[in-house]
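The values are calculated or read from the model by the stated rules, or taken from the named source; none is laboratory data. These numbers were taken from a predicted model, which means no experiment stands behind them. Glycine also receives a Cβ, built like all others from the backbone with ideal geometry; neighbour counts cover every protein chain displayed. Accessible surface areas use protein heavy atoms only, side chains included; no ligands, DNA or RNA. Shrake-Rupley method; radii C 1.70, N 1.55, O 1.52, S 1.80 Å.
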Amino acid sequence: MKKIAKIAAFAMAALMAVSAAGCSSYRSVSDIQNSGKLLMSTNAEFEPFEYKDGGEVVGIDIEISQKIAESLGVELEVTDIAFDSLISALQSGKADIVAAGMTADDERRKSVDFSDPYFNASQAIIVAVDSEIAGPEDLAGKTVGVQLGTTGDQYCTNEDGESEYTVGEVRRYNKGMEAVSDLMAGRIDAVVIDNFPAEKLVANNPDAIKVLDTALTEEEYAIAISKGNTELVEKVNAVLAEMQESGELDEIVSKYIDAE
Ligand code: ARG
C-alpha cells in the first residue's frame, strides 16, 4: 500500500515537472542514440536552405543537420511539414531538431530553445520589374504576400506595432513560391520574404521580378530544439562551432548560394 502511494506521488511530481516546463516532451541525447535516428523537421520551400531536388530534400540546413546526426553517431531522418507546424512538432516530440532557416526570436523562445546562430539574414521585398514600389515606404496601402507564420508575416502584420514600415493588406501563403506566382500574375503588389530565398526566387524569373535593396529587418537563423533539452543544444552548438572554425560552414553556404 505504502509503495503504491509512493509511486503515485512520484508520477504526480514527474507530471507536474513536465507541465511546468511548458508541456515539452523530448528525447534525451542517449534516447536519440539508442534509436539510431535524429528526427529533423523542416519546410522544404526555402531554397537555398531547404528545397526539393527531384524527390529529395536538400540544402544548407540539411547538410548542417547531417553533421549533427553524424556527431551523435546516428542517421538523419528529414520530415517536410508546413512552416507554422514546426514548433508544435518539437513540442509534441515528433522532431528532435528543426532546421528551417528559422529566425531565433523572443516570441519563439517562449516555446522552444535555440542553438547559437549560424546565419545572418533579413527580410527583403520582391516586386515586379516595372513596379512603382521603390522602397519600404512605398508599401503603405499595398497588398503584400508572405509565407504564413514567418517573421515576414509578423513584420507585415505588425501586431505589436513595432514595424518601421506598414503595409495595406497581408496575404498569407503556405509557400513563398505561391506568393511569387500571385505577384507575377498581378494579384498582389509585393512579396516580403527572407533575402536569400528572395534572390533564388528572382533568379528563376529575372525578367518579371526583382529584389529591392533595402532590408526590412536583421535576423539570425538558429536550430530550434525542445525547451529544456540543454544537452542536445550543447551538442548542436559544438557541431556548429566546429563547422564555423574549420570553414566547412562557409563552404556549404557558398556551394548553395554561388551555384547559380
Ligand atoms: N526566417 C523566417 C522565419 O523564421 C522564414 C523561415 C522560413 N523557412 C522555411 N523553411 N520555409 O520566420
For the range 179-199, which positions are outside any loop (DSSP other than H, G, I, E, B), more than 10 Å from GLY145 (Cβ to Cβ) and away from the ligand (no atom under 12 Å from the Cβ)? MET184, GLU199
Go through (1) assigned to a helix (DSSP H, G or I); (2) open to solvent by 50 Å² or more (accessible area, probe 1.4 Å); (3) touching a residue at least 24 places away in the same chain (Cβ under 8 Å) and name the single condition GLU234 misses. (3)
Which condition breaks for SER88 when tested against (1) open to solvent by less than 30 Å² (accessible area, probe 1.4 Å); (2) touching a Ser or Thr at 6+ places or on another chain (Cβ under 9 Å)? (1)
Select from the range 200-228 the residues that are assigned to a strand (DSSP E or B) and open to solvent by less than 50 Å² (accessible area, probe 1.4 Å) and list them in ascending order. ILE209, VAL211, GLU219, TYR221, ALA224, ILE225, SER226
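With in contact (Cβ under 8 Å) with a residue 24 or more places away in the chain, crowded, with 20+ Cβ neighbours inside 10 Å and farther than 27 Å from VAL253 by Cα as the only criterion, which of ASP189, ASP182 stands out?
Details: ASP182 fails: crowded, with 20+ Cβ neighbours inside 10 Å.
Being in contact (Cβ under 8 Å) with a residue 24 or more places away in the chain, crowded, with 20+ Cβ neighbours inside 10 Å and farther than 27 Å from VAL253 by Cα holds for just one of ASP189, ASP182, which is ASP189.
I'm checking my understanding of the structure. Among residues of the range 91-114 that are small (Gly, Ala, Ser) and open to solvent by 10 Å² or more (accessible area, probe 1.4 Å), which one is farthest from the ligand (Cβ to nearest atom)?
The first filter runs over the range 91-114 and keeps only residues small (Gly, Ala, Ser), leaving 92-93, 95, 99-101, 104, 111.
Still in the running and open to solvent by 10 Å² or more (accessible area, probe 1.4 Å): 92-93, 104, 111.
Details: SER92: 19, GLY93: 20, ALA104: 8, SER111: 13 Å.
The selected residue is GLY93.
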Do you know which residues across the range 34-57 are touching a Pro at 6+ places or on another chain (Cβ under 8 Å) and buried (at least 22 other Cβ atoms within 10 Å of the Cβ)? PHE46, GLU47, PHE49
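Is it the case, given these coordinates, that SER226 is more than 16 Å from the ligand (Cβ to nearest atom) and of a type in the set (Ser, Thr, Tyr)? Quick ask: steps written out before the conclusion?
On the way: more than 16 Å from the ligand (Cβ to nearest atom): yes; of a type in the set (Ser, Thr, Tyr): yes.
Yes, satisfied.
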Could you give me the residue pairs with C-beta distances under 7 Å whose first residue belongs to the range 101-114 and is of a type in the set (Lys, Arg), whose second residue is open to solvent by 20 Å² or more (accessible area, probe 1.4 Å) wherever it lies, and which are 6+ apart or on separate chains? ARG108/ILE87
